[in-house]
Amino acid sequence: MAGPLLTPEAFGAFAISPSVAVVGLGGAGSEAVEDLVNLGIPGARAFAMNTDAGHLSRVRVEERILLGHRVLRGRGSGGDRSLVLQAAEESRDELLRRLEHFEIVFLLAGLGGGTGSALLPFLSKELRETDALPVPVVFLPFHVELETNPSRRGNVDAAVRELEEMGGLLLALANEKLRRFESLPIHRVFQVRNAYLHSLVANLVDMVENPSQLNVDLASLKNHLRASGLSAVVVAEHHISEPDRLIHQALHDSLLDFRLPDRPSALVHLEAGSNFTLRTLDEVLRSVRGRLNDPEQLVLGTRLRPEPREVVRLTAVLGGLRPRTVREALAPREPRGPPLAAP
Ligand SMILES: Nc1nc2c(ncn2[C@@H]2O[C@H](COP(=O)(O)OP(=O)(O)OP(=O)(O)O)[C@@H](O)[C@H]2O)c(=O)[nH]1
Ligand SMILES: [Mg+2]
């Protein structure tokens, strides 16, 4: 039975922005959320969840949740994923109650320890059963941490395998890619990484939150993801005089770890000023098609500001990443240097 038509005055209630949560899981994830909050994600609610009460009491994040205090007594997991999973199962209803009314939930964890490596796939899976869009963000440890520690490696492998199997968005930031900043103090290197992550999170939220001329909203992003397997986001800003550089820059500057398949699907959103012409748009699209090898599926969104602008901003969701792409970063490598003694 058809309902009454809404008057235009009533549309406003349906046009509110999607609500966003940014959730840090374990030590590294919680600290990254702290940095994101400092950099500012307008309207987002921030959470830190940990099994380690000491760490949780130090992070400056508005909502803090101690997990599994009966089993683990607030002392951390000691790297044991199975204990964390028991704790998460026990608190499942409460965790979902806190998170399920958000429309986009960014879940951040450094992989290798027990807490983040267990909670991140667990919550991603649970949230996929709700209307929320979970966006897992993982920090892959430096190779040296894994080479010398098989249990960390096991935790990373298990988490990555579970996330890959789920498909959807996976933002895997590789610590190894931070070596290009190796002359900086370590805490600054993590800040650089978190600033890059902030640009991904802020652009993605902005893309779906604010109306455009050619619109990409949350529903179209979800549709795109459903059809695209494993996906990642890249971003770039470049001067309007070189529109063909945008996609190259987005891929080159990325701290994410993935290899593109032959023809990735792409959702491309451009934000520019009133001086952005159809010819410039053509140039951007031609370079995107060229660089991505003529994707079968290319969805375009644009938002033109009323004033002229010198820079164009590109946000691209690339899909169809092959499942092995993240794991390749973790594949055993040749040992460095000659063996000490001949066999
Ligand atoms: N940025 C940052 N990274 C960290 C910190 N501690 C550890 N890491 C790195 O992040 C990865 C995961 O470690 P944690 O976040 O401590 O692990 P967790 O999820 O809290 O798990 P457990 O402590 O084992 O319960 C490892 O590669 C660490 O080297 C930290 O305090 N800040
Ligand atoms: Mg910890």
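Condition test on Glu164, is it of a type in the set (Asp, Glu), under 16 Å from the mean Cα position of the chain (by Cα) and assigned by TED's automatic domain parsing to the domain that holds Val37? It is true that Glu164 is of a type in the set (Asp, Glu), under 16 Å from the mean Cα position of the chain (by Cα) and assigned by TED's automatic domain parsing to the domain that holds Val37. Restricted to helices (runs of 4 or more DSSP H) entirely inside the stretch 98-192, those with at least 2 residues that are among the β-branched types (Val, Ile, Thr) are 150-166.
I'm checking my understanding of the structure. Among residues of the stretch 77-110 that are closer than 20 Å to Glu63 by Cβ and within 16 Å of ligand 2 (Cβ to nearest atom), which one is surrounded by the fewest Cβ atoms within 10 Å (Cβ to Cβ)?
Taking the stretch 77-110 as the starting set, the residues that turn out to be closer than 20 Å to Glu63 by Cβ are 84, 87-88, 90-110.
If we keep only those that are within 16 Å of ligand 2 (Cβ to nearest atom) as well, we get 84, 87-88, 107-110.
Working: Val84: 30, Ala87: 24, Ala88: 21, Leu107: 28, Leu108: 30, Ala109: 29, Gly110: 27.
Filtering first and then ranking leaves Ala88.
Scanning the stretch 267-324 for residues that are among the aliphatic types (A, V, I, L, M), assigned to a helix (DSSP H, G or I) and under 28 Å from Glu164 (Cβ atoms) turns up just one, Val288.
Name the residue, out of Leu225, Leu260, Leu197, Leu204, that is within 22 Å of Asn293 (Cα to Cα) and assigned to a helix (DSSP H, G or I).
Leu225
Looking across the stretch 31-55, the residues that are hydrophobic (A, V, I, L, M, F, W, C) and without any contact (Cβ under 8 Å) to a residue 40 or more places away in the chain come down to Val37, Ala46, Ala48, Ala53. Entry remark, the stretch 111-126: residues being touching a Pro at 6+ places or on another chain (Cβ under 8 Å) and surrounded by fewer than 23 Cβ atoms within 10 Å (Cβ to Cβ) number 1 in total.
Determine which member of the set Val135, Val144, Val156 is crowded, with 23+ Cβ neighbours inside 10 Å, under 28 Å from Ser199 (Cα atoms) and at pLDDT below 95. After applying the criteria, what remains is Val156. Do we have Ser91 as over 30 Å from Phe142 (Cα atoms) and within 16 Å of ligand 1 (Cβ to nearest atom) here? So Ser91 passes the test. Of all residues assigned to the stretch 33-44, none qualifies as being within 11 Å of ligand 2 (Cβ to nearest atom), of a type in the set (Asp, Glu) and at pLDDT 95 or above. Here is a check on your reading of the model: is Val61 farther than 27 Å from Gly154 by Cβ, within 15 Å of ligand 2 (Cβ to nearest atom), outside any strand (DSSP E or B) and assigned by TED's automatic domain parsing to the domain that holds Glu162? It is true that Val61 is farther than 27 Å from Gly154 by Cβ, within 15 Å of ligand 2 (Cβ to nearest atom), outside any strand (DSSP E or B) and assigned by TED's automatic domain parsing to the domain that holds Glu162.
The values are calculated or read from the model by the stated rules, or taken from the named source; none is laboratory data. Just so you know, these numbers come straight off a predicted model, no measurement behind them. In this analysis, Cβ positions are derived from the backbone assuming ideal geometry, glycine residues included, and neighbour counts consider all displayed protein chains.
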